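What follows is a single structure, written as structure tokens, with notes after it.
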Amino acid sequence: MRWKPIRLIPDDTKYPFMRLSRFGFFLSGILCTLSIALFIFKGLNYGIDFKGGTEIQVRGTQTVQMDDLRKKLDSIGLGKVELQQMGTGNDVLIKVAAQAGDAEGQISQKKIMEALGPSFEKRAANTVGGSVSAEYTQNATGAVMLSILFVLVFLSFRFEWQFALGAVLSLLHDVTLSLGLFSLIGLEFNLSVVAAILTIIGYSLNDTVVVFDRIREYLRRYKAMGLADLIDFSINSVLPRTILTSMATLMALLALFFFGGEVIRGFTSAMIWGVFVGTYSSIFIAAPVLIMLGTKREVSATQAKASKGR
Amino acid sequence: MFHYPRWKTLLILGTVFLGILFAAPNAFEPLGIHVLAQKLGLKPMTLGLDLQGGANILMEVDKKDLTEKVQQQLMGDIRATLREQKIGYTNLAKTSDGVSVTLNKPEDAAKVTPELNKLLQPLDSGILSAGVAVNLFSLTQNNGQYVFAIQPKGFEAKMQTSLKQAIRVLENRINGLGTTESAIQQQGANRISIQIPGLQDPDRVKNLLGSTAKLTFQLLCHDQPSTANALPPPDCAAYPRKEDVDATLAAKMKADPTVKELSDTEKKALPQMWVQTAGLSTVDGADLTDAQPGFDSQTNTPEVTFKFNQKGALRFGKLTAENVGKPFAIVLDGVVESDPVINTPILGGSGQISGHFTIEQTNDLAITLRSGALPAKLVIAEEATVGPSLGADSIRAGVYAAIAGLIFVMIFILLPYGFFGIIADFALIINLILLIGVMSLFGFTLTLPGIAGIVLTLGMAVDSNVLIYERIREEWRHGKTALSAIETGFTAALRTVTDANVTTIIAAVILFSMGTGPVRGFAITLGVGIITTLFTAFALTRLIMAYWVRRYKPKEINL
């Protein structure tokens, strides 16, 4: 088999990433501020995992007239009923908040099914009580914190504290921007989105570690090169890999987005955004932080040797 | 690196073969040859409830109800103790967090205190400090007034034992339904998770699981209420009758179809019956050994027949023998089911409860009686039901996404790497098969987010091949020979890939421990996927490359 492989990325690029990183910091600063502002003032569209309530997925015999449905459901005394048409248009997702005196959601479910009448089939139902949702919120926050802490420890052990701090800063950046996006477009924020954010953390770190690994190697090899140049050189060297991997992962995620069904679309959307943000942040946040923190070259060289010998 | 000892080659190929073997049963069912899998003793992946349909219910012990039960029991004990000592008392009542009672003569306190101290219920404090006893109550006395207060730590221990007991009871009930493969287990400190696959009528199961099923046989009191709001005399309790409860409930349901039971206040407003609560006049359902649904031989209405154990039979025999001609009440969860007159002493230790039942109700009542009473009411903390049709749709969507993802990624990797891309694609397919094989072998549950994890793994698995190839290419372009470039490529990439994947494993482990069902499914596939990826990249791909290098001795690298 002899065909000339197609290079998607030119070789020996010499992009001055560290000079560009000033704009990167500026851009990220604005985006993070916007995200935090959105998070504080607009908040997230929490799913029932976090705020409790009942969710029913029903299928009608024909395309559902959403206005009729809304009229029907608004009058049954369950407060604000959220509706969302899914798939072919026969399916609707109905969401109501937890009702006083019906913590178990049974009454809400019955009332809704009765209001809908016999032409609707209940396909799935999900109720989360207040005690559980409070616990989920706590667990989810705890999980994100814990993973960041572990990363800090692992990277200080494998590299140096500057690297660890750079990676964690870029992680915080990714998490903030992910929350910002979810707040901005009002996509439902539920447990699988938290799973997605943790996966983004994993992915973004993966990317950061590949860049750091190269920096560590070049620090040892090119002792005379200036730190900024060296980092630029490292990033350019791994750039083909960075882009190829992100694109391959995006391919898989796009397949999930288009074919994987409605249930995991929130998760997939978060991940797709995460791939962009994660790739960007390892180049424009994690690496420049090394310069700002003044990574010491000699220490880093011995450290690298030590860890290689292990 | 180009020379592989035979055992190493065999080990790698053997692993791949085993992976294919264990993964194979998953393809058998769509092909219609799943009998073959059974013959080989192999199992396909376990599907999560979101894929096969079913109910996932999280229940917790109702704290308020447990508190009340504990208070009621203590009041009974206090009453019995004081009667035994022949000491007069007043104001035996529940307080907000316990029970209080006042002696008629404060000077009796010296005699009573040691006896009442026996009622504090020492409990094993459980997980935190096993073997250390904590009291459920604390007792303070002031001038003949005793106050029992529930201790938070003791209550926690009580919760623990109640939870364990509830799990046993629920197991019996679920098994009584004849559903197979349902799983009941404790989740966290105070919850019970119940998973029932392929459920058709979730409401029935929820009722069955939630009903306390406390059954007692109690003699009627001498006096019966003359006015609506009359207070029962001491040693008597007031319960409404089943007929009245049913009639009121039916009327209410006509007005509002969502009503499923009457509240306690509504029940209290109904005409009451007074039944004796003193120890000797009652027999407890806990002494039942069996209960079966059946039909009354004369009226042909559904009924439940029951049998007592020896202790219960003796007690029941004595009670009925001493009270021939008097009525007694069969009380189930605070409602008088029926109040037959004792015609003859019932010495055989069996009897029946009849009237007011449908066939399904007698079935469920028999199951709940057999399995015993719950220590307290259980409430549903979380519930997720997925119908089988939605599950099937999810599987289809998942499979399409996986196939599409696989094709996208495979084509994508062929473009820049050509011949090497074919090796990567081969490794990718083996990776997928191994992942499925490991999942099947260890009986991990596949959920819809789990499928997402698999598809994502496909994308990220390519990363290790990309890292290796890019490195080889770099080394080659910097003037190394083909052989040395390949060698350096593998060794340099291995370190990077390990470092990078440890971070993803950290995320997977945390996801798993954060663990609720679907998210856990994702964490499992993600974690397993990393391990299979490391294997295919650094054992399999490397073996293929080594073979290729030895066979064709390439002088240049077409990357």
- With the charge dipole of segment B:460-559 built from beta-carbon charges (+1 for Lys and Arg, -1 for Asp and Glu) about the Cα centre, the Cα from B:Ile530, B:Thr488, B:Ile505 projecting farthest to the positive end belongs to B:Thr488
- Note on the structure: With DSSP loop assignment and no more than 12 other C-beta atoms within 10 Å, the GluC sites (Glu not before Pro) in segment B:460-559 are B:Glu556
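Roughly how big is chain A's charge dipole about its Cα centre, with Cβ charges of +1 (Lys, Arg) and -1 (Asp, Glu), in debye to the nearest 20?
With Lys and Arg at +1 and Asp and Glu at -1, about 1220 debye.
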- Query: How large is the charge dipole for segment B:66-155, taken about the Cα centre, if only the Cβ atoms of Lys, Arg (+1) and Asp, Glu (-1) carry charge, to the nearest 20 debye?
  - Reply: 140 debye
- Query: Which distance in Å, rounded to a whole number, links the C-alpha centroids of segment B:209-256 and segment B:103-118?
  - Reply: 34 Å
- Query: Once whole DSSP H runs in chain B are found, which of them have Cα atoms spread over 15 Å or more along the helix axis and a mean Kyte-Doolittle score of at least 1.0?
  - Reply: B:6-23, B:388-441, B:482-514, B:517-535
- Task: Starting with the fewest neighbours, write out A:Phe154, A:Phe212 ranked by other beta-carbon atoms found within 10 Å of each beta-carbon.
- Result: A:Phe154, A:Phe212
- Counting other C-beta atoms within 10 Å, which of A:Asp68, A:Asp49 has the fewest, and how do the rest follow? A:Asp68, A:Asp49
- Message: Please flag any cysteine in the protein assembly as shown that has no other cysteine's Cβ under 4.7 angstrom from its own Cβ.
- Response: A:Cys32
- Query: Given 37 °C and 0.692 mPa s, how large is the Stokes-Einstein diffusion coefficient of the protein assembly as shown in µm²/s, with Rh as the Kirkwood radius over Cα pairs?
  - Reply: 103 µm²/s
- For n ≥ 4 DSSP H runs only, could you compute -39500 (n - 2.57) per run for chain A, divide by its residues and tell me the 222 nm figure to the nearest 500? -22500 deg cm²/dmol
- Where labels lie 7 Å past Cα in the beta-carbon direction, separation of A:Lys80 and A:Glu135 in nm: 2.8 nm
- Query: About the Cα centre of the protein assembly as shown, what is the dipole size in debye to 20, counting +1 per Lys and Arg Cβ and -1 per Asp and Glu Cβ, all else neutral?
  - Reply: 3500 debye
- Note on the structure: In the protein assembly as shown, taking the dipole from +1 charges on Lys and Arg beta carbons and -1 charges on Asp and Glu beta carbons about the Cα centre, the listed residue (B:Leu21, B:Gly154, B:Phe420) farthest towards the positive end is B:Phe420
- Query: Given B:Leu332, B:Ala237, B:Ala313, which one lies farthest toward the positive end of the charge dipole of segment B:211-385, if we put +1 on the Cβ of every Lys and Arg and -1 on the Cβ of every Asp and Glu?
  - Reply: B:Ala313
- Task: Please arrange A:Asp232, B:Asp284, B:Asp463 by counting, for each residue, the other beta carbons lying within 10 Å of its beta carbon, fewest first.
- Result: B:Asp284, A:Asp232, B:Asp463
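Any read-out appearing in this document is the output of simple, stated calculations on the displayed coordinates, not a laboratory observation. Worth saying up front: this structure is predicted, and the values here are computed from it rather than measured. Reconstructed Cβ throughout: ideal geometry from the backbone, glycine too, with neighbour counts over all protein chains shown.
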